[in-house]
Amino acid sequence: MFVARSIAADHKDLIHDVSYDFHGRRMATCSSDQSVKVWDKTENGEWHCTASWKTHSGSVWRVTWAHPEFGQVLASCSFDRTAAVWEEIVGESNDKQRGLSHWIKRTTLVDSRTSVTDVKFAPKHMGLMLTTCSADGVVRIYEAPDVMNLSQWSLQHEISCKLSCSCISWNPSSSRAHPPMFAVGSDDNNVSCGGKVQIYEYNENTRKYSKAETLMTVTDAVHDIAFAPNLGRSFHVLAIATKDVRIFKLVPMRKESTSTGPTMFEVQIVAQFDNHNSQVWRVSWNITSTLLASSGDDGCVRLWKANYMDNWKCTGILKGDGSPLTGLSGQPTAMSTMMGSSVQTSQNAINGMSAGRIGKRAPFAPPLRQLTSPKTYQHPAHY
Amino acid sequence: MSGSKPDILWSPHQPDRFVICDSELGLYRIGPVGSAETKAGTLPLSEESAATLLAINSDTPYMKCVAWYPKHEPECLLAVGQANGRVVLTSLGQSHNSSCKDLVGKEFVPKHARQCNTLAWNPVDSNLLAAGLDKHRADFSVLIWDISSKYSPEASVAAEKIRLSSVDLDSSTVVTKPLYELGQNDACLSLCWLLRDPKLLLAGMHRNLAIFDLRNTSQKTFVNTKAIQGVTVDPHFHDRVASFFEGQVAIWDLRKFEKPVLTLTEQPKPLTKVAWCPTRTGLLATLTRDSNIIRLYDMQHTPTPIGDETEPTIIERSVHPCESQIGSFAWHPSSQNRMVVVSAANRAMTDFTVFERISLAWSTTTSLMWACGRHLYDCVEEGAEGVESMIEKDIATKMRQRAQSRYGHDTIQVWRNHVLAGGNDPQLKSLWHDLFYMKQCAEDMELKLQGNKQSVVYSGIKNIVKTSSGTTESRRCWSGSDRQTDVPRYHSEERCLALRLCGWISRGPEIDMEAFLRSLEQEREWERAAAVALFNLDIRRAIQILNKGATAEKGDLNLNVVAMALSGYTDEKSSLWREMCSSLRLQLKNPYLCVMFAFLTSEPGAYDGVLYESSVAVRDRVAFACMFLNDAQLPRYIDKLTNDMKEAGNLEGMLLTGLTKDGVDLMESYVNRTGDVQTASFCMLKGSPGEVLKDPRVQCWIENYRNLLDAWRFWHKRAEFDIHRGKLDPTSKPLAQVFVSCNFCGKSISYSCSAMPHQGRGFSQYGVSGSPTKSKVTSCPGCRKPLPRCALCLMNMGTPVSNCPGTGKSDEKVDLTRENKLAQFNNWFTWCHNCRHGGHAGHMLSWFRDHTECPVSACTCKCMQLDTTGNLVPSDSS
């Protein structure tokens, strides 16, 4: 059961992004009021704003944290066509005691000629790298060659995606089997422009990023995109916020060692939900990529979860103001959860039958039959 | 506005009142749905709000447009524009104050009768009411009336009369001379006063937009355009104006009025209303005819005419306030993003709030934060209850709990790990029992053979039965039945090992299942016990178990019936018993009971009914196969089962694959399915140190699991895991990252560092003073020069730490061992990487408990704060 409580954010205009740090103890928010705020969680779970400062001369679209091994580092991007890197420093005064921290700008990245719509740090194992994408359709990858000096960033790659970019996501997999990869989404409204999600992969030989895949089935404007935490899985999962919530699975094909081209993927659509009944604005994965949260223009936050059969279903709905969805409207919370479970069982049945793989599937379907009640064994019982 | 098409107006000052006008004016009050006054006349507007009708005014027929008086007093004064061009002041409700009485009923009549299209009250000089009329030859179409003009006190009495019959003309209440006449020889379709200067009036004329200045009525600024309908000024940005024509909205900047700064995507149907949101900058709502959606245009930025041509970013959204077609809508003047929508057909109203786009993020500890508008919401998973608990907890939550309960760390009683994991997952139960039996067997083997048989045990039954040789076939009597059966059973050393791994028999050469049966009985797994007994060809024992079960389960009829049926066993091929059993067994709900009859009714060697009954635990099926399948059938069956298990990622299959490459494949599909890298990591670390650990996939799971522990701030657990891993995989031990070298000779003093605790242990206690070896550790082992001094106690490093102030001696004695351990850590070298000052770790820690600056005088380094992660508290207890 998810219960929401409100926090006085004190931003003067719309908040565009919320981002947690690696440990979930700190949070950054950014807003149309051109400022970024940093929040720290106290031991009793309360959030306190410890820093708030003007970062840009336009709406700040996104804010993101670097891995803590690079220090306390934030990056923000804005309508003012810049992205900026911020670092927390230990102030001269006793700011820390007063519960305040001090952030200074380390660099401003001014390469974009249009609004910078998203900014993301690359996975930690790649070093300290920062990616931006902008409305003119260019993805830029910067690297800080010296992690101790955050004022120096060199533009390593500039990739033109042809379409106005709205969001970017790195594949977080640290496995050596998976070369660095990111996905970029476009909010271009023109359906005839083709796929709005492009996937780029790093090629070790050419030392360049090249397009590995375009999701041709996503033709509507994409507002957000998120690779699921890989967690040692052999495939990648990508959530897309477009006119509906979509979950794609990218299974890398086994490639021969001689081939040097980009990895070929088998692209499967795992789920597609139009429950928001309108444009979907954001998607976010939990740490194990077993829960997906989405928000839509219906003003609701929905939670999605897959069962063992990879059947995704809605497990919760909350209204944007934190209240549960109740009463007369479409799907009340209680109903949706119950619906979820019944859907699950019926889908099980369908799967088992249609796939004709009862023998394989059934072992986990009714686990209760072969189960004894959980007892604590005090002796090494035979099993 | 035709009579049938309603419009809505919010009261400019009373946040809970609005007027709906179609053929008459209706004043409504909006309130929470649960309030005391839920009268019969209340109309529900949404789940939370309802409207109450307060007053109806039907005095003014042929209404074309309405405008609400912008000032506080009089409250409920409305101007109504009629089809004949007259403008009537009217009121709703019981406002009896004098100023209102004076005004109500006043009529403003143009020279020539024609339709009044629009009305606009000057927001500052509220006496001025502008009316826009249709064209009539060369007459003026924009008339600005002064509502206070030609007012005579005696008229107030007559005004009452007029209210009742407005058609009646009374010269004292009728004003025919407007204050200003504008827009000659033209038609006016829309009007609005400019907020930046209340002397300026923007009018949508026939083919142009014109700005009239009341200070100089002979001049006007105008631009030719078709978009002349519904002119409206952005309340947050006074130079921005929206107007529309058919399906297209044009946004104008008054500072560069020549052309629209922006035109919005054209809609197929003509627009009927365009309105700026009064509570939020740059949000424009538009409505088209015959539609049930309101389109919102979110203009994030004020267009800047200075500098470059940056178009504002526009996010288009559409909302569905109600199912039916929308007649009109109106933004609430003060409630955030709220509007009331009235349907075209039946005047049904909907109270609707446009939600801002929500951005959200999950934290590592499965709490969800989202931002809606200017607010933040923190959403945490409360303890599972109700319906939610039926749905399984998420694996992230499970792994966190399991990490805290030391799951995977029991290396002696390996099977206990599934209890640590919560004990309710059959696959984990099977997995940890498998690993336990493997470990047991491996240990036995070592004792017996001293050879490297260990790897055989961990290579899984699939590989064990492959190497099977010297299989003997035996035919055994049914014990408890006098008949000689023709059921062949197979024996070999490998099969015997397999049975042990299945847990059916314990160590020893004899195939003795009694111990296993008894433990099953203890577990109340009657059906399973009976099946095992039956497979052991002991029908009497099986019946006995079932009877016992029936009594224990308070006369479970089912078990008794089955026992009865069993006792009638006959091996005659065409007996009624056989025929009935093979058909009726399928109706048995318990898979073990089912396979018992399958076994009894099947031909020797054709046991598909048992082998492919997927509800029976894999270990039981495998054990059965090891006893009754011949050397040709067995590997085939095991291979098939292994592949099924691998594909499904079923951990029960670990028994077959063992900790081999096959096992990694199986675990891979398990991880793909569940994301449970914790189980995967611990499982792979249980076998013999070997190849599987070198598999990149295994390394990847381990890295991912360590990363999870780090993200959860379970650093102690991570360290424990690393120690556990280092035992099996010595290559994973990290190399020393820091070396302390002597100031004088530059040689590493790590020798003395590492030796120190060991030496210390050799002596009884640290309390012993003047010990010869002790003094040595305070100097460099290379050059015998003293080590640097601790910044706090000013003793050379290497000297043991005296107790920190505050710890009494009595405590010390009680907790000697613990104190000892701590003392060892307190002795460690530590220093700040920034200012290079340091000393005993214990001293430094206690110093920085109360101070932020370095203990060395004149050094202002804030050593502890430099390390931001150092300030984080681990969330697991050590």
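Since every read-out is calculated from the coordinates, none of them should be taken as a lab result. Just so you know, these numbers come straight off a predicted model, no measurement behind them. As a convention, Cβ positions derive from the backbone with ideal geometry for all residues, glycine included, and neighbour counts pool all protein chains shown.
Calculated FRET efficiency, residue A:253 and residue B:71, Cβ-Cβ r, R0 60 Å, to nearest 0.05? After rounding to 0.05, the efficiency reads 0.25.
A Förster radius of 25 Å combined with the Cβ-Cβ distance from residue B:745 to residue B:833 puts the calculated FRET efficiency at roughly 0.65.
Placing pseudo-labels 7 Å out from each Cα toward the beta carbon at residue B:443 and residue B:215 gives an inter-label distance of 10.0 nm. Here the simple spin-label model places points 7 Å from the Cα toward Cβ, and for residue B:639 and residue A:207 these points are separated by 4.9 nm. Report the paramagnetic label zone for residue A:214: residues of the range A:181-198 whose backbone N is under 15 Å from a point 7 Å from Cα along the Cα-to-Cβ axis. The answer is A:184-198, whose backbone nitrogens lie closer than 15 Å to the label point. The percentage of C-alpha pairs in the range A:1-83 whose separation is greater than 22 Å is 24%.
With 26 Å as the limit on Cα-Cα distance, the pairs of B:439/B:548; B:439/B:462; B:5/B:177; B:199/B:269; B:106/B:226; B:199/B:256 that go past it are B:439/B:548; B:5/B:177; B:199/B:269; B:106/B:226. Counting beta carbons within 10 Å around each of A:21, B:102, B:608 and listing the fewest first gives the order B:608, B:102, A:21.
In loop segments of the range A:141-212 as defined by DSSP, the trypsin sites (Lys or Arg not before Pro) with at most 14 further C-beta atoms inside 10 Å of their C-beta are A:162, A:176, A:207. Among A:202, B:62, the ranking by other beta carbons within 10 Å of each residue's beta carbon, starting with the fewest, stands as B:62, A:202.
Over 26 Å apart at the Cα level, from the set B:646/B:733; A:41/A:196; B:64/B:273; B:694/B:717, are B:646/B:733; A:41/A:196. Taking every alpha-carbon pair within the range B:397-728, the share separated by more than 39 Å comes to 18 percent. When the chymotrypsin sites (Phe, Trp or Tyr not before Pro) in the range B:192-269 are filtered for DSSP coil states and for at most 13 other beta-carbon atoms within 10 Å of their beta-carbon, no site remains. Put in order of Cβ neighbour count within 10 Å, fewest first, the listed residues B:60, B:852 become B:852, B:60. Put a dot 7 Å past the Cα of residue A:310, heading toward its Cβ, do the same for residue B:348, and the two dots end up 4.3 nm apart. Take each residue in B:703-710, count the other chain C-beta atoms within 10 Å of its C-beta, and the mean is 4.
What shape does the range A:170-249 have by the C-alpha gyration tensor, where a ≥ b ≥ c are the square roots of the eigenvalues, rounded means a/c under 1.5, and otherwise prolate means a/b greater than b/c and oblate the rest? Taking the square roots of the gyration eigenvalues as a ≥ b ≥ c, the range A:170-249 is oblate. Take the Cβ atoms of residue A:152 and residue B:223, set R0 to 51 Å, and the FRET efficiency comes out at 0.50.
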